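Below: one structure, written as structure tokens.
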Number of protein chains: 2
Amino acid sequence: MASAGSTMSWIEVTYHLRGAAADAEARARAIAVEQSIEMPPDAVDDPFVLGEILGRVVAVEPRSDGLQAIRIRLSAATVGGDAGQLLNMLFGNSSLHDDLTLAEIAVPPELRAALRGGSQIGLDGLRERVGAKARALTCSALKPQGLPAKELARLAEAFALGSIDYVKDDHGLATQAYSPFPQRVSACAAAMRRAVARTGHATRYVPSLSGSLDAVREQLHIICEEGLDTAMVAPAILGLANVQQIRRDYPDVAFLAHPSLAGAARIDPACLTTLWRLAGVDAVIFPNHGGRFGYSAQTCERIAQAALAPEPGLAAIAPVPAGGMSVARVPEMLDFYGRDVMLLIGGNLLAEGDRLSEATAAFVATVHRHSQAQAPAETHA
Amino acid sequence: MASAGSTMSWIEVTYHLRGAAADAEARARAIAVEQSIEMPPDAVDDPFVLGEILGRVVAVEPRSDGLQAIRIRLSAATVGGDAGQLLNMLFGNSSLHDDLTLAEIAVPPELRAALRGGSQIGLDGLRERVGAKARALTCSALKPQGLPAKELARLAEAFALGSIDYVKDDHGLATQAYSPFPQRVSACAAAMRRAVARTGHATRYVPSLSGSLDAVREQLHIICEEGLDTAMVAPAILGLANVQQIRRDYPDVAFLAHPSLAGAARIDPACLTTLWRLAGVDAVIFPNHGGRFGYSAQTCERIAQAALAPEPGLAAIAPVPAGGMSVARVPEMLDFYGRDVMLLIGGNLLAEGDRLSEATAAFVATVHRHSQAQAPAETHA
């Protein structure tokens, strides 16, 4: 039996607690127990459990915003290389306390290696596939749901004729009777091939995955058969262990992560970005500040940093700010995020109706111009 | 093209909004759009999309607690029978608004049928398997994690010698190096068989499932090979579509749902119970009031009602209040929940150390006595 900390590594986790500083120490001890052995330590006599598994309080410190920052070490051995189990250990039962937020994690190298699903494509790969050098990437979305496959394909073609980089399904597109996945993907992929033959720009169509892991595998099979190499997944709906699994099974598919249902969690979005990056996604979509959602500029900055920060063995992934963005905001967004970003504008382009290709081309031109004018040093993260 | 509402059915969803009543109408309209077509309705001219897919505001009403109740109809056709997609449509993007809670849903019969994974075992089945008539069921938990398989098996045997009904893995038990799933389940199943041969009571061991759907399937294979027929799953970690899938694939396995990570969602726990019941689980574990978590008695009452309320085609499922319960609280809990309940007491029994079997037997006797003394009319829900 090794002495504490000598043989096994620890995950350092920061929680933010609302409430009185006086209670914070006791709460910290309770969280360390809850997120590890989940029973009174007094009732445990096994030295391995007490030395290597029981969580430990590192520090409890008041923050300037009035919250208490609680830092705890959790044993990495409890995770077993499973990203779902990582979530379970980080915030499983403690998520039931509504005064507590999972704020930050630092994962030891061995666990990062154990979680790794193999090669990642990341921001560089996403650029390379569309022939972009260091510039920002462009993306739009097929919607509304309810349209038949051929109508969505018409929109996909129009976007591609504007030489956009990525065209994703709206996250509401699943496999509904009015637009089953196989028909939709086949129609949109064909439309994309036609457009790419005309423009010479390698626009990628990004179908949205849904259903169980089995269903997602069938969808990925169709995607590969259609010659596509990008897909969108909602990790909070599919389950993070399943994201890890498709990352392993499909090393050549780039995965864009959609935040659906993830905002429901009291997990800081930057922390969630870190977790999803660990599970192997290549880009993370999130609400930009000043759009339809209430994320602050500071939160968006932290998300971009979590996506891009150098991490040994992990590719930098693309931050994809979205949620009610407009072409008018492109210069400001690029000033904010720099060039290491994928800009996603959906409804604002679709509202152009018959002028969709022209509006898309104008969006693309604005991004190219502004992004290429930026020196690398101007990039944000 | 049918007129609105004539051919397709609608899900009625209630959200609770924090904030000013003056803004509530506009927010309601925005939610109806966000959770359906996710683009400005003005930019849509397709009559099917506008008539059958676009969400509709039913009512906006202030509540006595100061929140605004927003009732919206969402098209059931957008769900396609996938429980994950149901979550996506109910609360995907709106979960990103931190002033909004998903409070209640009413699902039309066709969608309930489409979601159904086949036979459910439910509360009645859980009783039948352990030879219980109308009484409350008893359950405990194997912990702490970090113990080797043989030590967990020793605890399992001690619980079973006390003639408890169900012994579940702690939700932290996954497949760690110090206690891999196959060894643990094999050791605990064998221990259980030994004990059952002595007591004659058909105590069930309930292993905890973890990892991807693939991993979970391997675990279920082991469970069935060991002659077990009960398992625990954390729907918020595995993903609800995957729960639906294992429900379909393993009609004879009873599934206990664990709330890990689910409290992180701003989804009312009673609403979550409804969703999990729709996906086919047979029991739902949740924090009882007055324990380690802050759920109110009223919330617990609503959870039990969501588990037990008659629903055509769906079995009533067992409410399993837990989270720091003690044997001393059994009479009060049974007075509160009635007999349609499974009482789960873990740490309080494990703290008895060498007296575990005796303490378990006392717990079991208290439940039998109190529960059998209750007239059916006293049951709560």
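Need one number: nm distance between label points at A:LYS150 and A:ALA134, each 7 Å from Cα along Cα→Cβ, rounded to one decimal.
The modelled label-to-label distance comes out at 4.7 nm.
Taking the label point 7 Å from Cα in the Cβ direction, how far apart in nm is B:SER326 from each other copy of itself, listed shortest first?
Output for B:SER326: 6.2 nm, nearest copy listed first.
What is the extension gain from B:GLN183 to B:ALA59, computed as 0.36 nm multiplied by their sequence separation minus the C-alpha to C-alpha distance, in nm to one decimal?
Values: separation 124, 0.36 × 124 = 44.64 nm, distance 5.49 nm.
Length gained, B:GLN183 through B:ALA59: 39.2 nm.
Restricting to chain B, what percent of DSSP beta bridges are antiparallel, rounded to 5?
Counting only bridges with both partners in chain B, antiparallel ones make up about 50 percent.
So between A:ALA202 and A:GLN298, what do we pick up on full extension, going 0.36 nm a residue minus the alpha carbon distance? List each step's numbers first, then the result.
Details: separation 96, 0.36 × 96 = 34.56 nm, distance 3.37 nm.
So the extension gain works out to 31.2 nm.
Could you tell me the calculated FRET efficiency between B:CYS224 and A:ASP42, based on Cβ-Cβ distance and R0 = 30 angstrom, to the nearest 0.05?
Rounded to the nearest 0.05, the efficiency is 0.20.
Would you look at the GNM of chain A, springs on alpha carbons closer than 10 Å, and say which of A:ASP98, A:ASP282, A:ASP229 moves the most?
A:ASP98
Calculate the dipole size of the protein assembly as shown relative to its Cα centre from +1 charges on Lys and Arg beta carbons and -1 charges on Asp and Glu beta carbons; express the result in debye to the nearest 20.
Working: 66 positive and 82 negative charges, 91 e Å.
Dipole of the protein assembly as shown, to the nearest 20 debye: 440 debye.
Report, for segment B:246-344, the % of DSSP beta bridges that are antiparallel, rounded to 5. Don't skip to the answer; put the middle values down first.
Values: 1 of 8 bridges.
If I count the DSSP bridges inside segment B:246-344, around 10 percent turn out antiparallel.
Compute a Gaussian network model of chain B, connecting alpha carbons closer than 10 Å, and tell me which residue from B:ALA215, B:ALA177, B:ALA304 fluctuates the most.
Checking each option, the largest mean-square fluctuation is seen for B:ALA177.
Quick check on the protein assembly as shown: of the DSSP beta bridges with both residues there, what percent are antiparallel, nearest 5%?
Details: 44 of 92 bridges.
Once the DSSP bridges in the protein assembly as shown are tallied, antiparallel ones form about 50 percent.
Straight-line reach from A:LYS168: which lysines have Cα under 18 Å away, leaving out those fewer than 8 places along the same chain?
A:LYS143, A:LYS150
Could you tell me which of B:PRO182, B:VAL233, B:THR203 has its Cα farthest along the dipole of segment B:169-237 towards the positive end, charges placed at Cβ (Lys, Arg +1; Asp, Glu -1), taken about the Cα centre?
Farthest towards the positive pole: B:THR203.
List the distances, in nm and shortest first, from the label point of A:GLY294 to the matching label points in every other copy, placing each point 7 Å from Cα along the Cα-to-Cβ direction.
The answer, with the shortest distance listed first, is 1.6 nm.
Once you charge only the Cβ atoms, +1 for Lys and Arg and -1 for Asp and Glu, what is the size of the charge dipole of segment B:1-106 about its Cα centre, to the nearest 20 debye?
Dipole of segment B:1-106, to the nearest 20 debye: 240 debye.
Please arrange B:TYR15, A:TYR178, B:TYR337 by counting, for each residue, the other beta carbons lying within 10 Å of its beta carbon, fewest first.
A:TYR178, B:TYR337, B:TYR15
Given H placed 1.01 Å from N in the peptide plane, which residues other than close sequence neighbours of B:MET232 have an amide H under 5 Å from its amide H?
Those qualifying (amide H under 5 Å, at least 5 residues apart or on another chain) are B:SER208, B:LEU209, B:LEU256.
Could you check the simple spin-label distance between A:ASP252 and B:SER119, using points 7 Å along Cα→Cβ, in nm with one decimal?
The two pseudo-label positions are separated by 4.5 nm.
For segment A:117-189, what is the charge dipole size about the Cα centre, in debye to the nearest 20, if Lys and Arg each add +1 at the Cβ and Asp and Glu each add -1 at the Cβ?
Around 80 debye, computed over segment A:117-189.
Return the calculated 222 nm mean residue ellipticity for chain A, to the nearest 500 deg cm²/dmol, obtained by summing -39500 (n - 2.57) across DSSP H runs with n ≥ 4 and dividing by the residue count.
Calculated from helices alone, the mean residue ellipticity at 222 nm is -12000 deg cm²/dmol.
Would you mind computing, in nm to one decimal, how far apart the modelled labels at B:GLU358 and B:ALA22 are, each placed 7 Å from Cα along Cα→Cβ?
Computed distance between label sites B:GLU358 and B:ALA22 equals 6.9 nm.
Given a Förster distance of 60 angstrom, what is the FRET efficiency for B:ARG194 paired with B:GLU110, based on the Cβ-Cβ distance and rounded to 0.05?
The calculated FRET efficiency here is 0.80.
Considering amide H positions built from the backbone, and no H for Pro or chain starts, which residues 5 or more places from A:SER9, or on another chain, come under 5 Å of its amide H?
A:ALA76, A:ALA77
Every read-out reported here was derived from the displayed coordinates using simple, explicitly stated rules and does not represent laboratory data. Since the structure is predicted, the reported quantities are computational estimates derived from the model, not experimental observations. We place every Cβ from the backbone using ideal geometry, glycine too, and count neighbours over all the protein chains shown.
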